[in-house]
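Structure record follows, encoded as structure tokens.
Please treat every number below as a calculation from the coordinates, not as lab data. Everything numeric in this text was worked out from a predicted model, so none of it was measured. Neighbour counts are summed over all protein chains in view; Cβ atoms, including those assigned to glycine, are modelled from backbone coordinates with ideal geometry.
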Amino acid sequence: MTAPASTSARDWTDEANDVARRIRARVLELTILKDGCYLSQALSSAEILATLYTKILNLAPLPEPLTTKAFTGVPGSENPSPSGGRFHGERLPDGDRFLISPAHYAVAIYAALEAVGRLAEGQLETFNTDGSTLEMIGAEHSPGFELTTGSFGQALSQSAGIAFARRLRGDTGRTAVFVSDGELEEGQTWEGVQAAAFYRLDSLMLFVDVNGQQVDGLTKDVMNVEPIDARFAAFGWDVEVVDGHDVTAIAKAVEAKESNGKPLAVLAYTDTARGVPYLNERKPNLHYVRPKTDTDREAFAQALTALKGA
């Protein structure tokens with residue numbers, strides 16, 4: 001029971017790096033087509049997501065890639081809209097759960113699901129259109145999302161609760177949660193960190209995209225959260241600091257985890273212009289990327305050609 005991957009005999013690192021490349025290419029393509037997108041988040045998180053889906057996560061396989069249904073309103077007792085969590089397969093006691101916190105990373109999640117064969121090809125053409133569940137800001141009905149996690153900082157608390165409930169139920173699977181470093185400014189995040197350590201949730205894995213940027217500029221200038229590793233360690237977590245573009249390092253951070261009563265935080269330091277170096281000129285104003293000039297459009301087209309041909 002593993003994440004869907006290519007039938008090729010290639011080493012998993014080749015597969016993961018190829019998935020990361022496809023994530024970047026797909027989101028850049030959508031940025032061009034839709035005249036704007038949360039591109040930098042996909043550029044920074046591509047290897048993290050690729051490693052999770054191709055190597056780390058133990059997700060139930062799907063018989064075939066899933067298609068999406070039209071949005072019919074917020075799910076509830078009178079509107080049983082399908083959960084976006086179905087793209088992660090059946091929930092099994094020995095399987096992993098994967099929760100996504102930064103909802104504006106949704107397009108990167110969709111691209112990852114498409115790249116690993118969980119979201120059917122062509123579904124992303126409806127991205128950010130009326131009636132589509134592939135929304136710019138993901139919610140519980142969006143592919144890959146089983147929770148609505150806004151305002152920021154909620155998913156870690158929710159994931160800790162899920163991990164605790166699973167332990168009470170006797171599940172042996174792990175619970176993974178993906179967050180952005182800007183969410184470490186949120187008080188609820190640290191309440192979740194404290195609770196997870198107190199309840200000794202060593203089946204909980206946290207992956208942080210530490211790209212150093214947010215909507216208002218550099219994180220260190222808006223609200224410095226460093227040293228992140230020391231903060232998590234002080235709360236009683238195991239901490240691994242890795243190059244967020246090194247798939248082997250990300251995977252090894254999890255492989256080294258012991259069953260010692262401590263949750264795991266993987267701090268993956270990344271670059272918001274990875275794969276599209278032209279964007280370095282715009283730093284740190286990369287929260288939402290639009291092609292503003294003909295020069296931008298030409299540079300984006302050249303970057304897309306390079307990514308697709310890599």
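Things worth noting here:
- Residue selected from segment 37-74 under the condition surrounded by fewer than 23 Cβ atoms within 10 Å (Cβ to Cβ) and of a type in the set (S, T, N, Q), by the criterion farthest from ARG86 (Cα to Cα): THR72
- Scope segment 14-36; condition surrounded by fewer than 20 Cβ atoms within 10 Å (Cβ to Cβ), of a type in the set (A, V, I, L, M) and in contact (Cβ under 8 Å) with a residue 12 or more places away in the chain; matching residues: ILE32
- Among the residues of segment 116-130, the one identified as in contact with a Leu (Cβ under 8 Å, 6 or more places away or on another chain) and hydroxyl-bearing (Ser, Thr, Tyr) is THR126.
- Verdict on ARG200 being of a type in the set (Lys, Arg), in contact (Cβ under 8 Å) with a residue 12 or more places away in the chain and closer than 15 Å to LEU52 by Cα: no
- Segment 75-118, subset of a type in the set (Phe, Trp, Tyr) and in a helix (DSSP H, G or I), residue nearest to the chain's Cα centre (by Cα): TYR105
- Of all residues in segment 75-120 being in contact with a Ser or Thr (Cβ under 8 Å, 6 or more places away or on another chain) and of a type in the set (Asp, Glu), the one that is surrounded by the most Cβ atoms within 10 Å (Cβ to Cβ): ASP96
Listed here are the residues, each with its yes/no results for (1) touching a helix residue (DSSP H, G or I) at 6+ places or on another chain (Cβ under 8 Å); (2) of a type in the set (Asp, Glu); (3) closer than 29 Å to THR172 by Cβ.
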{"position": "LEU66", "(1), (2), (3)": "yes, no, yes"}
{"position": "ALA70", "(1), (2), (3)": "no, no, no"}
{"position": "LEU99", "(1), (2), (3)": "yes, no, yes"}
{"position": "GLU114", "(1), (2), (3)": "yes, yes, no"}
{"position": "ARG118", "(1), (2), (3)": "yes, no, yes"}
{"position": "GLY122", "(1), (2), (3)": "no, no, no"}
{"position": "PHE127", "(1), (2), (3)": "yes, no, no"}
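- Verdict on GLU298 being out of contact with any strand residue (DSSP E or B) (no Cβ under 7 Å at 6 or more places or on another chain), acidic (Asp, Glu), surrounded by fewer than 17 Cβ atoms within 10 Å (Cβ to Cβ) and closer than 22 Å to SER203 by Cα: no
- Every pair of residues 6+ apart whose Cβ atoms lie under 7 Å, when the first sits in segment 226-239 and is among the β-branched types (Val, Ile, Thr) while the second is surrounded by fewer than 19 Cβ atoms within 10 Å (Cβ to Cβ): VAL239/ASP229; VAL239/ALA233
- Any hit, segment 194-217, residues being crowded, with 17+ Cβ neighbours inside 10 Å, touching a His at 6+ places or on another chain (Cβ under 8 Å) and at positive phi: no
- Residues of segment 13-71 satisfying the condition of being assigned to a loop (DSSP other than H, G, I, E, B) and hydrophobic (A, V, I, L, M, F, W, C): LEU57, LEU59, ALA60, LEU62, ALA70, PHE71
- For segment 121-145, filtered to residues that are surrounded by fewer than 24 Cβ atoms within 10 Å (Cβ to Cβ) and among the small types (Gly, Ala, Ser), the residue that is nearest to the chain's Cα centre (by Cα) is ALA139.
- Count of residues meeting criterion [assigned to a helix (DSSP H, G or I), aliphatic (A, V, I, L, M) and in contact with a Ser or Thr (Cβ under 7 Å, 6 or more places away or on another chain)] in segment 150-192: 4
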